[in-house]
Amino acid sequence: MTFEAETYTSLGTPRSAVSLPEELFDGTINLPVMHQAVKAFRANQRQGNAATKIRKYVIGGNQKPWKQKGTGRARQGSTRAPHWVGGGTVFGPTPRSYAQYVPRQVRALARKSALNARAREDAVKVIDAFRFDAPHTRQVVALLTALGVADRKVLILTDGAQPNVYLSGRNLPRVEVLPYSDVSTYHILWSDVVLIEASALGHVLEPVVEKERAAHPPRKAARAAAAPRAAKKAAATGGAKSKPRATKTRPAVATKAAKKSAASAGAAKKRPVAKKAAPKKKRS
């Protein structure tokens, strides 16, 4: 059985399909082996730090709480016995290792089965080369959007360690970036789509010259797209410009000082002007 995978550039431009290597993608799927590999992988992630104290490690309880006889109560030797509140724990967890060992050939068979399972679902896609001059998350988002897998869990496998690709995808919760040689069965089965670099599969593809796609359209393009809509709206209204709304001006609120000065000025106007008294005539 031979499989062919869709091939794309790092910007999402389709290319001619390539065949997957037959020694790895031969259609073999072994479910028990995959279950064993995944179970061992998840067990190896456990730290095993849970711990409790038995009665000899609990502080206190060095003497009998009361004498052996004569009190009418049951005999007790320590307040740190397991049946006392605050006492030690019986058969509690102690630090241990949960590691499971899986033979190398079994791990290889499980990994091969997982890749074949994804290949049967047409979920394996080949990228000619990941060209990342610097870490840019928007470049990974643009690639996934172009492939139509932005809302799915994606596993990106690079040819060797590529820090720029890893740093570009680590902030995305649905994206996992790993070297092709370090991928495990768990990661392949976790993902919905697997993107593999062509050189990791032994294919050498010539680069394609293309323009980088913008993640968000520039403002000029948005204005140009909105221009035909404005023209249609103006044609529908007969080209008449809408009249500006008349704004009502609110009268200015007079302050207390202004009111006081106005009242004093009005009172001054109302007062009659006092006439000068005529001089008295002297008697002769």
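The values are calculated or read from the model by the stated rules, or taken from the named source; none is laboratory data. Treat the numbers as computed from the prediction; the structure is a model and nothing was measured. When we count neighbours, we look across all protein chains shown, and the Cβ atoms used for this are built from the backbone with ideal geometry, even at glycine.
Mind telling me which of the residues ALA134, ALA129, ALA81, ALA146 ends up being within 22 Å of HIS187 (Cα to Cα) and either touching a helix residue (DSSP H, G or I) at 6+ places or on another chain (Cβ under 9 Å) or surrounded by 14 or more Cβ atoms within 10 Å (Cβ to Cβ) (or both)?
Values: ALA134 fails: within 22 Å of HIS187 (Cα to Cα); ALA81 fails: within 22 Å of HIS187 (Cα to Cα); ALA146 fails: within 22 Å of HIS187 (Cα to Cα).
Only one candidate qualifies: ALA129.
Among the residues examined, GLU6 does not qualify as assigned to a loop (DSSP other than H, G, I, E, B), of a type in the set (Asp, Glu) and at pLDDT below 95. Number of residues in region 9-59 that are outside any helix (DSSP H, G or I) and aromatic (Phe, Trp, Tyr): the value is 2.
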